[in-house]
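Okay, so here's the structure we're looking at.
The values are calculated or read from the model by the stated rules, or taken from the named source; none is laboratory data. Computed from a prediction, not measured in an experiment: that's the story for all the values here. Glycine gets a Cβ as well: all are built from the backbone with ideal geometry, and neighbour counts include every protein chain shown. Each accessible area value is taken on the protein alone, full model and side chains, heavy atoms only, with ligands, DNA and RNA left out. Shrake-Rupley method; radii C 1.70, N 1.55, O 1.52, S 1.80 Å.
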Amino acid sequence: MDDISRALFEKAGTCIPGGVNSPVRACRTVDSVPLFIAGAKGSRVTDVDGRDYVDFVLSWGPMILGHAEPSVVDAVCRAAARGTSFGAPCPDEVALAEELVSALPGVDMARMVNSGTEAAMSALRLARAVTGRDRLLKFIGCYHGHADPFLAAAGSGVATLSIPGTPGVPAAVTANTLLAPYNDLGAARACFERYGETIAAVIVEPVAANMGLVPPVPGFLEGLRELASQYGALLVFDEVITGFRVAYGGAQTRFAVDPDLTVLGKIVGGGLPVGVFGGKRCFMEHVAPQGPMYQAGTLSGNPLAMAAGLATLCMLKTMDYSALEDRVAAFARALGEILRAKGVPAQTPCIASLFGLFFSEREVRCFADAQLCDQKLFTCFYQQMRAQGIYLAPSAFETGMVSFAHSDEDFARALDAAGKVRF
Ligand code: KE4
């Protein structure tokens, strides 16, 4: 069934660590061989063995218009014909920055980089430069890319102090990283009461999507805004997933909470490598060469990536987010009903075009809750859905993504497949 993928994966394993260029793609937690993708169009991907799948991964978020959207492909091809990289300013960098400023209330200026990791790393450096402070508060289960300060695990005893979450990260680096459970405003407040004058930034996924899908409880984001202001820390919204997905103006518009800095990626590059950090002018003016905080990148503002991002946002501005949200909500509700009717505990939270799946009796509000979910049931579900042509994220700690290209037939096919899963 996936002979060519298996052969390619074996070959890849001889020259690429784990056979993949990003760990989650290896499908290890769902005990599967990764599918090698030959191509994609709209809501569908086709693997190298010629099998077609309804895609609910969408390259982990960027492909909100669907794959190979003609206007995006055309913009990239036209840009490529003019040259692929200049290492000098190009008009589309200005156009994309202006569109971000226009769309996002918390962004007066933006700096292009090449990944969400680079954007989050730079935003943290900026917060530290602006405040002269070293500490960072992040939330357990939120992911902000793989820069050292964010790869912290909960330390022993004192809930807030952390230790390196992976070899290669110095303890001295994560010693400045404070941790609190997501949706726990009391724990965040306790961090500020104890360390407030030394905290440069509090960074948060305004809708958590890297522990499965966990929306903010009412008041959580507003409370972080108040705490950051009260203690002189910067509030950083990591909108790499939520930006232009939970609303055209991102979570900061949807929840009407104004971050000091915003981190973006995925959709703003239209599938090409782009990250962005942006924010209030008074902060962004610290960034070199306007200010002293150094940050740089050879391919930052790459003309092809700018063209893809601009074409994507230009089309998104015309799309009906509310109609898509209603369709995704109906799908998530039906999926939960089908699974519970089989006698398995299932929670299917959703917001905008994101949906989650937890095999759990109770609502998941933080990473500790997510860890209690049944991973074996998820693996069973993942494997049988993939065998029926439904391509889900190969991890219980990821989130389902839907595009404007997904049809009612795609949803029906996924629900029909779910109805046939045997646990
Ligand atoms: P990148 O460096 O992967 O472009 O972005 C890092 C990042 C930052 N912030 C959030 C909220 C993110 O979700 C991510 C990356 N997301 C993961 C999956 N949820 C990317 C997939 C992967 O690591 O292969």
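Here are the numbers for this structure:
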| read-out | value |
| --- | --- |
| Leu221 vs. criteria within 16 Å of the ligand (Cβ to nearest atom) and either within 17 Å of Pro349 (Cα to Cα) or crowded, with 18+ Cβ neighbours inside 10 Å (or both) | yes |
| Per-region count, segment 238-263, residues within 16 Å of the ligand (Cβ to nearest atom) and more than 20 Å from Phe355 (Cα to Cα) | 4 |
| Residue pairs meeting the criteria (Cβ under 7 Å; at least 6 apart or on separate chains; first at positive phi, in segment 241-254; second open to solvent by less than 20 Å² (accessible area, probe 1.4 Å) and assigned to a helix (DSSP H, G or I)) | Phe244/Gly250; Phe244/Ile267; Phe244/Val268; Phe244/Leu313; Phe244/Leu316 |
| Residue list for segment 389-414, restricted to those being open to solvent by 40 Å² or more (accessible area, probe 1.4 Å) and in a helix (DSSP H, G or I) | Asp408, Glu409, Ala412, Arg413 |
| Set Leu299, Leu310: member being within 16 Å of the ligand (Cβ to nearest atom) and either closer than 29 Å to Arg133 by Cα or not hydroxyl-bearing (Ser, Thr, Tyr) (or both) | Leu299 |
| Only one of Glu98, Glu118, Glu93 that is among the charged types (D, E, K, R), open to solvent by 20 Å² or more (accessible area, probe 1.4 Å) and free of Cβ contacts under 8 Å to residues at least 24 places away in the same chain | Glu98 |
| Matching option when the condition is open to solvent by less than 20 Å² (accessible area, probe 1.4 Å) and within 16 Å of the ligand (Cβ to nearest atom), among Phe192, Phe139 | Phe139 |
| Residue match in segment 197-206 (condition: among the hydroxyl-bearing types (Ser, Thr, Tyr) and modelled with pLDDT of 95 or more) | yes |
| Test: residue in segment 320-332 that is without any contact (Cβ under 8 Å) to a residue 40 or more places away in the chain, under 20 Å from the mean Cα position of the chain (by Cα) and open to solvent by 40 Å² or more (accessible area, probe 1.4 Å) | yes |
| Residue satisfying all of: in segment 104-136; of a type in the set (A, V, I, L, M) and assigned to a strand (DSSP E or B); farthest from the ligand (Cβ to nearest atom) among these | Met109 |
| Residue satisfying condition, being more than 22 Å from Leu415 (Cβ to Cβ), of a type in the set (S, T, N, Q) and surrounded by fewer than 19 Cβ atoms within 10 Å (Cβ to Cβ), within set Gln371, Gln383 | Gln371 |
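Residue-by-condition table, conditions (1) touching a helix residue (DSSP H, G or I) at 6+ places or on another chain (Cβ under 6 Å); (2) more than 25 Å from Glu325 (Cα to Cα); (3) at pLDDT 95 or above; (4) open to solvent by less than 40 Å² (accessible area, probe 1.4 Å):
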residue: Gly249; (1), (2), (3), (4): yes, no, yes, yes
residue: Val268; (1), (2), (3), (4): yes, no, yes, yes
residue: Gly279; (1), (2), (3), (4): no, yes, yes, yes
residue: Ala288; (1), (2), (3), (4): no, yes, yes, yes
residue: Ala296; (1), (2), (3), (4): no, yes, yes, no
